[in-house]
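Engineer: Provided herewith is a single structure, encoded as structure tokens, for subsequent inquiry.
The values are calculated or read from the model by the stated rules, or taken from the named source; none is laboratory data. Only a predicted model underlies this, so the values are computations on that prediction, with no experimental measurement involved. Ideal geometry is used to build each Cβ from the backbone, glycine not excepted, and the neighbour counts take in all protein chains shown. All accessible areas refer to the heavy atoms of the entire protein, side chains included, with ligands and DNA or RNA removed. Shrake-Rupley method; radii C 1.70, N 1.55, O 1.52, S 1.80 Å.
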Amino acid sequence: QVRLVESGGGLKQPGGSLRLSCAASGFSFSSNTMAWYRQTPGKARELVAGISSTGSITNYADVVKGRFTISRDNAENTLYLQMNSLKPEDTAEYYCNAGGVINYVYTKPGAYWGQGTQVTVSS
């Protein structure tokens, strides 16, 4: 079955960096749009960044543009999120998503989600 396992979360000071990873299995990773979403208590899950199957299209939430970079390694079935210049407002549970839709305007989530990894940015 589809399995998405996030890792790399933790506690960081403002201005620091983290790299999240999502190990995928059970489906054709290289044929699927992938994305990162995040959620804080009491709020809806929101898109952080999306990437097309080949990596040719990427979308970012305005609040992370220029600080976060999404990438993928189709040979290793792994999705990444490089997070730089972290801010306290980046604190959230981060989720890997598979099977969505992406174009140059929007990213929509697919049906498959990982269990999440917590990122906390605090001094």
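Engineer: Only residues that are open to solvent by less than 50 Å² (accessible area, probe 1.4 Å) and either part of a strand (DSSP E or B) or touching a Lys or Arg at 6+ places or on another chain (Cβ under 7 Å) (or both): list them for the range 24-39, please.
Structural biologist: Once the filter is applied, which keeps residues that are open to solvent by less than 50 Å² (accessible area, probe 1.4 Å) and either part of a strand (DSSP E or B) or touching a Lys or Arg at 6+ places or on another chain (Cβ under 7 Å) (or both), the range 24-39 yields Ala24, Thr33, Met34, Ala35, Trp36, Tyr37, Arg38.
Engineer: What is the residue count in the range 81-115 for residues that are touching an Asp or Glu at 6+ places or on another chain (Cβ under 6 Å) and either basic (Lys, Arg) or farther than 18 Å from Thr69 by Cα (or both)?
Structural biologist: 1
Engineer: Next up: Report, by residue number, each residue of the range 56-77 that is of a type in the set (Lys, Arg), within 24 Å of Arg3 (Cβ to Cβ) and assigned to a loop (DSSP other than H, G, I, E, B).
Structural biologist: none
Engineer: Going through Asp90, Asp62 one at a time, which residue ends up being acidic (Asp, Glu) and touching a strand residue (DSSP E or B) at 6+ places or on another chain (Cβ under 6 Å)?
Structural biologist: Asp90
Engineer: Still on this structure, please answer the following. Restricting to the range 1-16, and then to whatever is open to solvent by 50 Å² or more (accessible area, probe 1.4 Å) and over 12 Å from the mean Cα position of the chain (by Cα), can you tell me which residue is farthest from Ser85 (Cα to Cα)?
Structural biologist: Filtering the range 1-16 for residues that are open to solvent by 50 Å² or more (accessible area, probe 1.4 Å) and over 12 Å from the mean Cα position of the chain (by Cα), the one farthest from Ser85 (Cα to Cα) comes out as Gln1.
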